[in-house]
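These notes concern the structure reproduced below.
We did not get these values from a lab; they are worked out from the coordinates using the rules stated. It should be emphasised that the depicted structure is a prediction, and the values quoted were computed from it without experimental measurement. Note that we place each Cβ from the backbone using ideal geometry, even for glycine, and neighbour counts take in every protein chain shown.
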Amino acid sequence: MDIGFVLAQSITQALGVTAIIYCLAAIGLNIQFGYTGLLNFGQVAFVTVGAYSIGVVVVTMGLSLWLAIPVALLASVVLALILGIPTLRLRADYLAIVTIAASELLRLVVRSIALRDIFGGVNGINGKIGAQFHALNPLPEDFVTPYLTFSRQDAWVVFVGWVLIAIVSFGVWLLVRSPWGRVVRGIREDEYAVVSLGKNVFVYKMQALILGGMVGALGGIIWAIAKQSVQPDTFVPDVTFFTYTILLLGGAARIFGPIVGAILFWFLLAGVGEFLSQAIQAGWIDFLKPTDVGPIRFILVGMGLMSLMIFRPQGIFGDKRELALDGR
Amino acid sequence: MAVDTHSTLGPRGQASQAALSNVPNVPGSAKPDPILDVHSVKRSFGGLTAVDVEQVQVQRGAITALIGPNGAGKTTFFNLLTGFDAPDTGEWTFNGQQVAGTAPYKLARRGMVRTFQLTKALSRLTVMDNMLLGAKGQTGEHIYAAFFPFLWSKQERANRERAMELLSRFNLAEKSVDFAGSLSGGQRKLLEMARALMSDPELIMLDEPMAGVNPALTQSLLHHIKDIREEGTTVLFVEHDMDMVHDIGDWVIVMAMGQIIAEGPPGAVMKDQNVIDAYLGTHHDKELTDSGKSLTVDSDPEGTHS
């Protein structure tokens, strides 16, 4: 049993590429759900659009990555418009239904045989998707410290990823403390009251959906660049639910909520998994097989999250006073 | 039921009562200077006709009360006028402009601001943020400007000052940093009214401002409504208790079964046989109020609530 190794694995996961992707998805969801109250249950759709746009433009079409990034962001805007125009005038529940259905539809479309020439079917898109990005890598060698180890390529993605998160978070901070932020928080509480004060609620909800979708698409862009591969069956609804978990864990409607949530979530998931594996290997636990670790770590982390919701329902950064108020 | 309204009547109140003195006391009568002019508005839900108003006008600068028994269609009529619900047929003008079919937020921007029967205080926003939401034409509400505080910070400061003035007037100044959800029911009514005033409306439409508010605070609310009128804002409010109306209404419009059945100054309307029938049916021996007791005008409104 090597506790140091377990810790190193956990820290690496907590700050790694996956945490960055989920953190961006959660920041986007925070704009939509945390601040504006939009029940988007299809955040994975924006991640999918971001990742696949990069894959299609770079590999299928053979164009530049630097063209692919704006295309990916534009595609996420289009998706937000398609989802929002019919549903944002209706009650909140409709957006939830439409978004979860749309995210699955999107996955089924990109994995379809009919469109295999464009999206690569079940195999997805593979190739040197992020080559142009990795060519800019200034790091001379792999990043190795006792508790944090990244390959040269991953270290570059991680560095750029966290800088991006800092920039995006600063932008969100500016937004939510502005009068614009006040309007969307008002919409979260009661949109009719905000209408009665002369605000075009539909436009604000659309702006929040688009903005949150674009930030989610940034996560997808990083996904495609870092993994150099886009697989349809990784974009399942679980991604959305993990994103919600991260947001609620850190605290919704808080700037640092998604960041701390993502770090902690992946730290716990990796830590529990690694600890169980080691414990089985060392013979401490004999009633489990190494293959059981995957599901068991989710059970344990899930129980931990349940107790968090029971004892600290506002998340780590939340304000308990807010929950004491009757919502509406 | 003897209430002396004239002792507290300001110059604008006297002017609007004088202007209305020659208006005939019949449903749909024309007013000298209507701010709102409604024609054949009809709204049915399935087989039930909730609102069927032939014609009604609201005098500018006056306090007009829309009263009627429960289920008369007052709130539905309110929702129609403010664009929150769409009528089957009908049209109406606000300030001479056709506004039927106009989106509710646009009506609010034009100066027709409403409150709700069930108060919509935005619970997890502070009282101050609630107030600031009411201000019109904010640069910082545009998404691009929102990123650049220097574009809107000056306007924000001015709005804050104005909000504090209004909050002190409504005795909510010390609550400004609290969440609106922590206020009492009566304080929420006050906040909603103050918030509506942030936009300097021409016509403020209050849906049962006194419902669920204790008697002491009710008196204070009545005074606030009179103050609003004295500042030149037209007030239209829904109420079902006739005593409230008698105290502050310059003009009373009575609805029953979705129709306007009577109009006139409060004193005349209360003696109208149609109104008595609508309110009491066959029980004519009862008092025409909720409590059966008459209310008196409070001479010290600010000291009565906390």
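How many percent of all Cα-Cα pairs in region A:237-298 sit more than 20 Å apart? The proportion of pairs with Cα distances above 20 Å equals 39 percent.
In terms of its Cα atoms, region A:141-265 spans 59, 30, 22 Å along the principal axes, sorted from long to short.
Only one residue of B:Tyr105, A:Tyr204, A:Ala114 has its Cα farthest out toward the positive end of the dipole of the protein assembly as shown, where Lys and Arg carry +1 and Asp and Glu -1 on Cβ, and that residue is A:Ala114.
Mean projection of the Cα convex hull over all viewing directions, computed for region A:57-201: 12.8 nm². Think of the protein assembly as shown as a dipole: +1 on every Lys or Arg Cβ, -1 on every Asp or Glu Cβ, centred on the Cα centre; then among B:Ile143, A:Leu65, A:Leu218, A:Leu65 lies furthest on the positive end. A viscosity of 1.567 mPa s and a temperature of 4 °C, combined with the Kirkwood radius over C-alpha pairs in the Stokes-Einstein formula, give region B:63-132 a diffusion coefficient of 93 µm²/s. By the equivalent-ellipsoid construction on the alpha carbon gyration tensor, region B:194-261 comes out with semi-axes of 20, 16, 11 Å, ordered largest to smallest.
In the P(r) worked out for region A:30-78, what percent of Cα pairs fall beyond 19 Å? For region A:30-78, the fraction of Cα-Cα distances above 19 Å is 34 percent. Measuring how big the protein assembly as shown is from its alpha-carbon positions, Rg and Dmax come out at 30.5, 99 Å. For region B:235-282, the convex hull drawn through the C-alpha positions has a volume of 74 cubic angstrom per residue.
The coefficient of translational diffusion for region A:1-130, derived via Stokes-Einstein from the alpha carbon Kirkwood radius under 10 °C and 1.306 mPa s, stands at 96 µm²/s. Think of chain A as a dipole: +1 on every Lys or Arg Cβ, -1 on every Asp or Glu Cβ, centred on the Cα centre; then among A:Thr18, A:Leu7, A:Val163, A:Val163 lies furthest on the positive end.
Counting only Cβ charges, +1 for Lys and Arg and -1 for Asp and Glu, the dipole size of chain A around its Cα centre is about 820 debye. Taking Cα centroids, how far is region B:102-120 from region B:136-150 in Å? Region B:102-120 and region B:136-150 have Cα centres separated by 22 Å.
Think of it as helices only: each DSSP H run of n ≥ 4 in chain B is worth -39500 (n - 2.57), and spread over all residues that comes to -10000 deg cm²/dmol at 222 nm. Note: relative contact order over chain B, using C-alpha pairs below 8 Å and six or more positions apart, is 27 percent. How big is D, in µm² s⁻¹, for region B:15-109 by Stokes-Einstein at 20 °C and 1.002 mPa s if Rh is the Kirkwood radius over C-alpha pairs? Estimated via Stokes-Einstein, D reaches 152 µm²/s.
Working note: Cα gyration tensor of chain A, eigenvalues times five, square-rooted, sorted largest first, giving semi-axes of 32, 27, 19 Å. Computed on chain A, with alpha-carbon pairs under 8 angstrom and 6+ residues apart, the relative contact order is 33 percent. Taking all Cα pairs closer than 8 Å and separated by 6 or more residues, the relative contact order of region A:190-328 comes to 22 percent. Computed over region B:132-241, the range of Cα coordinates on each principal axis works out to 49, 30, 20 Å, biggest value leading.
Under the convention that each Lys and Arg Cβ holds +1 and each Asp and Glu Cβ holds -1, the size of the dipole of region A:1-153 around its Cα centre is about 400 debye. Reported value for chain B: 140 Å³ per residue, from the convex hull of its C-alpha atoms.
Charges were assigned to the Cβ only: +1 to each Lys and Arg, -1 to each Asp and Glu. The resulting dipole of the protein assembly as shown about its Cα centre is roughly 1780 debye.
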